[in-house]
Amino acid sequence: MFKKILIANRGEIAVRVIRACRELEIPSVAVYSDADRVALHVLKADEAYPIGGAAAAESYLNLEKILNVAKRCGADAIHPGYGFLSENAKFAQACADARIKFIGPSPPSMEMLGSKTRARQEMEKAGVPVVPGTSRGLESVQQAKDVAAKIGYPVMLKAAAGGGGKGMRRVGAAKELQAALEAAQGEAQRAFGDGELYLEKAILNPRHIEMQVLADEHGNTVYLGERECSIQRRHQKVLEEAPSPLVDLDMRRRMGEVAVRVAKAARYWNAGTIEFLVDQEKNFYFLEMNTRLQVEHPVTELITGLDLVELQIRIAAGERLPFRQEDVLIRGHAIECRIYAEDPDNNYFPSPGTITMLLTPAGPGIRLDSGVYEGWTVSIDYDPLLAKLVGYGQDRAQAVSRLVRALEELFVAGIKTNVGLFRRILGDGDFRSGKIDTGYLERLLGAEVGCEVASTERGGGKSEAANVAAVAAAVFAVLDATSKASSNGSGPADAGAGAGASSWKRTARVEGLM
Ligand code: MV4
């Protein structure tokens, strides 16, 4: 087993990895930027070292600084968490070159799956169902038109180096194709330094369902069930659950076996996630594989009883999987709410500031993976995820009631949060009956009165003025939060629409005490 693990990340996921290290009795090492000197992960780790400026490029993305700390403090493994360097094959290779174990897959696996066209080629070869389309970079407008005519419009243009919806475009007809190709190629070139594009048939109103896999370095691979991730906004997941209300035993087995085939085709090891698009007839298609631990891993942990981070560490240390596929049992239901420092009244823009009061939920079936504490100042430099509130129950209804109860217990003051959004989703009839697809959240928010930006977008062309106004409001929100940080004037964060009268009364009572 490792002697010391460095966590190349921050926030709730760094805290999550530190917890696993503690249980394994492995000393943990935090790294932190100038903005994170008193961050929760720094307070909780056994050792902590500064790595540079607040900008991620100067700290959490700086592979040399991180490797230098690892060498200096004697860490023999690095856990990358999610985001930052977690899917960077060059970083994984640099770790190997420094004889430090990267807790994740091999660099060649990461490279193969990082190129979406290469991944499609390999998966087609392996007999994995992929969305009809091209698996090589598009070479001309004419070629794109020929393929699109054959598979039928609408089609999606995607960046080979992209993923997660970045640089994606929907094309409804042949006459739009040339302009879309040129725009998408420029965008991909600027965003990823690689303009390669491919084309897929557009699946209408798809669901996004992903399968967790775990593989050891000795060729054993298992699937741990699916997660339903259809509740997203602008490619940002908001709420995830496991199992998916759509998936029955037979579908789970078929998707799981395909996921294992994907992992084996990529000679994959450690934890990974295979993303599928599911159409209205419940056909599923491979989309991409994420080569990291995901934000939403806790819902899988709750329904399987497994500790994914502990297993990641054991696998990286060369251990064999301690169970077989037939030993993996799925029991109960789990739902995760991603609590963000966002302003629901300002188009869910990041809303940094100091948390002046924090009351956290607990009790039966509640798990809170948090990266913040009362008094902590949420900065604008990073993703504004504060915590993940996860509800678990014997069935979906119990998971929902427990979450609703926990959301009532949660109280955050000083910053705005998206907590009110979860009250709406969990109380919504379509959600409760499992009628969700990737358009669900836009529909729910679009139906909201006074949601002007969203309704403008639904109407077609984006309003430049609305975007400019939103950016301006966000800038003012930041300036405002800074100027009155000590006046306690920013008020309760979670008393938004739908909170109900009792919540307002409670807010008044708590404020009266402060
Ligand atoms: C698609 C699609 C429809 N058809 N591909 C967006 C994220 C990226 N991983 C893939 N995405 C999509 N790819 C085809 N051929 C629709 C989406 C999509 C989506 C997917 C998952 C979750 C939310 C989404 C929201 C809009 C579009």
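When ARG252 is tested against (1) in the same structural domain as ARG320 (by TED's automatic domain parsing); (2) within 12 Å of the ligand (Cβ to nearest atom); (3) of a type outside the set (A, V, I, L, M), just one condition goes unmet, and that condition is (2).
Scanning the range 36-70 for residues that are of a type in the set (D, E, K, R), in contact (Cβ under 8 Å) with a residue 24 or more places away in the chain, surrounded by fewer than 21 Cβ atoms within 10 Å (Cβ to Cβ) and under 18 Å from LEU386 (Cα atoms) turns up just one, LYS44.
Does ASN283 fit the bill of being in the same structural domain as SER433 (by TED's automatic domain parsing) and under 27 Å from PRO108 (Cα atoms)?
no
With respect to being in contact with a Leu (Cβ under 8 Å, 6 or more places away or on another chain) and either surrounded by 18 or more Cβ atoms within 10 Å (Cβ to Cβ) or within 21 Å of THR304 (Cα to Cα) (or both), LEU277 fits the description. Screening the range 436-451 for residues that are part of a loop (DSSP other than H, G, I, E, B) and within 16 Å of the ligand (Cβ to nearest atom) and picking the one that is most open to solvent (accessible area, probe 1.4 Å) gives THR438.
Just one of the numbered conditions (1) within 28 Å of ALA265 (Cα to Cα); (2) buried (at least 18 other Cβ atoms within 10 Å of the Cβ) is not true of GLY127: (2). HIS218 passes every criterion in (1) outside any strand (DSSP E or B); (2) over 26 Å from PHE102 (Cα atoms) apart from (2). Total residues in the range 133-146 satisfying the condition of being buried (at least 18 other Cβ atoms within 10 Å of the Cβ) and farther than 11 Å from LEU181 by Cα: the figure is 3.
All conditions in (1) at pLDDT below 95; (2) over 13 Å from ARG233 (Cβ atoms); (3) open to solvent by less than 50 Å² (accessible area, probe 1.4 Å) hold for ASP428, with the sole exception of (1). Give the range 233-249 a look and list any residue that's charged (D, E, K, R) and either open to solvent by 20 Å² or more (accessible area, probe 1.4 Å) or not assigned by TED's automatic domain parsing to the domain that holds ILE274 (or both), or say none. Hits for the range 233-249 are ARG233, ARG234, LYS237, ASP248.
What is the residue count in the range 240-261 for residues that are without any contact (Cβ under 8 Å) to a residue 40 or more places away in the chain and outside any helix (DSSP H, G or I)? Final tally of qualifying residues: 3. Contact map, the range 10-35: residues that are on the phi > 0 side of the Ramachandran plot paired with residues that are crowded, with 24+ Cβ neighbours inside 10 Å and part of a helix (DSSP H, G or I), Cβ distance under 8 Å, separation 6+ or inter-chain. Pairs shown: GLY11/HIS41. The lone criterion from (1) within 15 Å of the ligand (Cβ to nearest atom); (2) open to solvent by less than 60 Å² (accessible area, probe 1.4 Å); (3) within 19 Å of ALA271 (Cα to Cα) left unmet by MET156 is number (3). Per the conditions (1) within 10 Å of the ligand (Cβ to nearest atom); (2) modelled with pLDDT under 95, the sole criterion not satisfied by ALA188 is (1). Within the range 206-232, restricting attention to residues that are near the ligand (Cβ under 9 Å from one of its atoms) and open to solvent by 10 Å² or more (accessible area, probe 1.4 Å), the residue that is nearest to the chain's Cα centre (by Cα) is GLN232.
The values are calculated or read from the model by the stated rules, or taken from the named source; none is laboratory data. Predicted model, so just to flag it, every value in this text is computed and none were measured. So basically every Cβ, Gly included, is an ideal-geometry build from the backbone, and we count neighbours across all protein chains shown. We work out accessible area using only protein heavy atoms, side chains counted, and drop any ligands, DNA or RNA first. Shrake-Rupley method; radii C 1.70, N 1.55, O 1.52, S 1.80 Å.
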